[in-house]
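Have a look at the structure below, then the notes.
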Amino acid sequence: MIHQRYAAASRVRPRRTLTDKREASRWAVIASTVICLGAAGCAASYDGVDTIVEEDLHRHIAFLADDRLEGRLPGTEGCEEAARYIAQQFGRAGLRPGGDWGTYFQNFTVEVGRKINSATRLQVNEEKFALDEQFAVALGTGNSKGVGELVFVGFGIHAPELGHDDYETVDVAGKVVVAFTGAPGRAEETGLFLETSPHGKFARPRTKIETAYGKKAAGMILIHSPLDYGDAMFAEELPEFISDRGRGLSFAAVHLTASAAETVFSQAGWNLAEFDQKLHAGEVISQPMTGVNAEIEILVEPVEKSTANVVGYLQGKSDEVVVVGAHYDHLGLGGTGSRGGAGEIHNGADDNASGTAVLIELAEACHARPGGMKRTIVFVAFSAEELGLLGSAHYAEHPFLPMDQTVAMLNFDMVGRSKDGYCAVGAGESSREFEGIAERVNEDLKLGLNLEISDGGMSRGSSDHQSFLNREVPSLFFFAGLHDDYHKPSDDIDKINFAGTETISRLAFGVLARLDATTRPKFVAAAAPANPHGGSARSDDMPRSSRPWFGSVPSFGGDVDGVLFDGITEGSPAHAGGLQAGDILVEFAGQAVHTLEDFTVFLSAHDVGDTVDVAVLRDGQRVEAQITLALRP
């Protein structure tokens with residue numbers, strides 16, 4: 001059990017003294033950093049700030065981003081070792097355990113992927129095909145069933161703007177579509193749809209599957225074209241179902257070998273090789289396969305692992321609480337979420353060993369304050385952020401101290417790659433009491449940071465503070481900017497700006513100290529755009545999306561049929577249509593919604609300005625609404 005392995009590390013005697021160097025620094029700063037808060041009528045001191053040093057940040061990041069931990073994927077030994085290390089550092093910083101059974105660990109179970117049940121089947125008329133020998137389930141597919149007459153749709157490409165539309169002459173609603181892999185000209189390495197061309201996406205299996213699903217097909221069979229593969233032998237190889245995250249599309253899509261597909265074509269009186277040649281010559285020959293029917297049933301099982309948040313606290317003088325958090329998990333060996341290098345260790349030095357290191361340093365700095373803290377400070381290293389903010393959602397549901405006593409939350413994610421002193425402080429609009437606080441600390445401590453009091457669209461939905469905003473807890477999000485190594489194996493320690501990380505850590509400590517001296521911040525519901533996926537990000541050099549905006553913040557936890565909304569962004573199309581937090585989306589534009597992936601595909605099939613009918617379950621009752629999709633502000 002994971003808690004037993006964690007428990008041994010949690011029995012760490014808290015360290016009561018600092019090094020001589022830090023003692024000297026701490027007492028030196030006490031005399032020089034007592035600052036008046038003006039109209040608030042109270043005072044805040046920054047004593048303890050000089051215990052934050054880049055040498056310690058380097059030590060923490062070096063441990064957490066070491067290859068030995070293999071990317072800190074939840075449920076792996078590497079992630080557990082990271083958690084044990086954090087617990088040890090919390091103990092040495094003087095934090096008391098705030099987890100289960102008197103330990104630092106708050107245990108929970110996460111779904112890290114899916115596997116295919118052996119009962120998954122494909123049958124065409126009376127012919128049954130063998131799983132993993134003749135057919136395989138397409139990546140990204142979840143529990144689903146597709147039954148209907150077969151309709152051949154050529155390459156399954158819908159690109160009328162490029163002069164190619166395999167769906168123009170056929171109605172595929174309620175039918176199982178059959179398409180070849182590849183695209184016109186690809187066998188000769190010519191044409192519009194080469195993988196290296198801007199339009200190469202149209203030839204990818206995922207694009208073809210989403211196109212068919214968006215056109216209300218009942219299912220899809222992707223045939224391995226011998227001409228596309230270049231060799232009949234390769235057309236017999238099936239892709240491995242790589243376990244991904246989420247529940248997948250509720251759309252039955254499979255790959256079929258060329259030899260197995262010959263049986264399907266013969267039942268329509270067709271010759272597979274002849275059709276393959278015509279398609280690669282550029283002909284569009286979409287048509288029903290009259291008299292040929294298919295049944296596809298895909299059964300998947302969740303792959304669950306145990307993991308834990310690491311929780312420690314410093315007792316304050318009041319019953320009010322401030323939570324300080326950062327996620328410590330990452331992508332392991334890649335897979336879903338990786339932007340390259342699947343199978344390689346993703347150390348996540350910036351994302352988010354850097355934020356975890358800052359968390360540890362803040363714990364030590366708070367403990368160094370001779371007068372202690374007015375409020376109780378709960379420090380949480382969250383697991384499973386990359387899987388959808390699951391660790392912070394679990395903590396928000398099962399807090400160490402009641403959420404109604406939690407007055408603020410500070411979150412740190414990717415704070416290790418600051419350039420030119422840049423630091424974004426996001427979500428500040430969640431309380432008016434946050435106004436000017438970071439700027440004041442920056443000035444008081446002469447940090448010289450280039451602050452952005454917003455964060456280019458990262459305020460909401462992008463990291464663990466969202467779980468607290470959903471509970472109406474005022475929150476601040478510290479972020480040092482996106483970079484090309486994001487979610488790649490190249491996010492390693494050699495790229496970290498340790499001096500910049502120290503400066504951001506000192507800013508954060510100053511903000512925490514000033515918040516501790518203020519009255520309770522009042523929550524303000526802000527009209528900020530919501531990012532629907534945890535762990536995603538954009539930067540100023542990334543083009544703003546022209547895709548339609550809905551304005552919901554989906555839940556990534558729980559097991560519901562549909563999409564549970566943790567929040568609805570004020571001022572968004574969903575808000576204007578009357579949708580509410582707690583609603584479960586079950587229908588979008590006439591199509592049943594079972595998973596978040598379903599919703600994403602259906603939404604992307606529409607344009608800005610479209611008005612769509614949706615249905616949600618609210619307190620068990622069906623509620624219908626019309627939503628006019630807009631451009632994200």
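Here is how the numbers come out for the structure above:
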quantity: Expected-Rg normalisation [2.2 N^0.38 Å, Cα atoms] applied to the range 111-183; calculated: 1.33
quantity: Distance cut-off 23 Å, percentage of C-alpha pairs in the range 290-392 lying past it; calculated: 47
quantity: Kirkwood hydrodynamic radius over Cα pairs of the chain, then Stokes diffusion coefficient at 20 °C and 1.002 mPa s, in µm²/s; calculated: 82
quantity: Residue order for Asp165, Asp67 - accessible surface, 1.4 angstrom probe, largest first; calculated: Asp67, Asp165
quantity: Lysines whose Cα lies under 23 Å from that of Lys215, excluding same-chain neighbours fewer than 8 positions away; calculated: Lys145, Lys175, Lys201
quantity: Nearest-ten-degree value, helix 258-267 long axis tilted from longest Cα axis of the chain; calculated: 50
quantity: Positive-end residue of Ala83, Gly481, Ala576, charge dipole of the chain with Cβ unit charges; calculated: Ala83
quantity: Three-way shape label, the range 343-411, alpha-carbon gyration tensor, a/c 1.5; calculated: oblate
quantity: Prolate/oblate/rounded label for the range 420-502 (Cα gyration tensor, a/c 1.5); calculated: oblate
quantity: From the C-alpha gyration tensor of the range 348-476, square roots of 5λ in Å; calculated: 22, 19, 16
quantity: Residue order for Glu429, Glu133, Glu262, Glu80 - accessible surface, 1.4 angstrom probe, largest first; calculated: Glu133, Glu262, Glu429, Glu80
quantity: Percent accessible area from carbon and sulfur atoms, the chain, protein chains only, probe 1.4 Å; calculated: 48
quantity: All Cα pairs of the range 44-110, percent lying beyond 18 Å; calculated: 50
quantity: Of Lys208/Lys488; Lys208/Lys495; Lys128/Lys488, those spanning more than 30 Å from alpha-carbon to alpha-carbon; calculated: Lys208/Lys495; Lys128/Lys488
quantity: Positive-pole candidate from His158, Ser197, Ala349, dipole of the chain, charges at beta carbon; calculated: Ala349
quantity: Bins of 10 Å, starting at 0 and running to the largest distance - Cα pair percent for the range 583-630; calculated: 28, 57, 15, 0
quantity: Gap separating the Cα centres of the range 471-506 and the range 245-280, nearest whole Å; calculated: 46
quantity: Antiparallel DSSP beta bridges within the range 252-405, as percent of all bridges there, nearest 5; calculated: 40
quantity: Equivalent-ellipsoid semi-axes of the range 162-219, from the Cα gyration tensor, Å, largest first; calculated: 23, 11, 10
quantity: Farthest toward positive dipole pole in the chain [+1 Lys/Arg, -1 Asp/Glu at C-beta], among Leu389, Ile61, Gln626; calculated: Ile61
quantity: Paired Rg and Dmax values of the range 125-283, which use every Cα atom, in angstrom; calculated: 14.7, 42
quantity: Lys, Arg +1 and Asp, Glu -1 on Cβ, resulting dipole of the range 332-487 about Cα centre, debye, nearest 20; calculated: 360
quantity: Interchain or long-range residues, amide H under 5 Å from Thr141's placed H; calculated: Leu249
quantity: Percent of beta bridges antiparallel (DSSP, the chain, rounded to nearest 5); calculated: 65
quantity: Computed magnitude of the charge dipole of the chain (debye, nearest 20; Cβ of K, R +1, Cβ of D, E -1); calculated: 2440
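The values are calculated or read from the model by the stated rules, or taken from the named source; none is laboratory data. Remember, predicted model here, so these are calculated numbers, not experimental data. Reconstructed Cβ throughout: ideal geometry from the backbone, glycine too, with neighbour counts over all protein chains shown. Note: areas computed on protein heavy atoms with side chains; ligands, DNA, RNA excluded. Shrake-Rupley method; radii C 1.70, N 1.55, O 1.52, S 1.80 Å.
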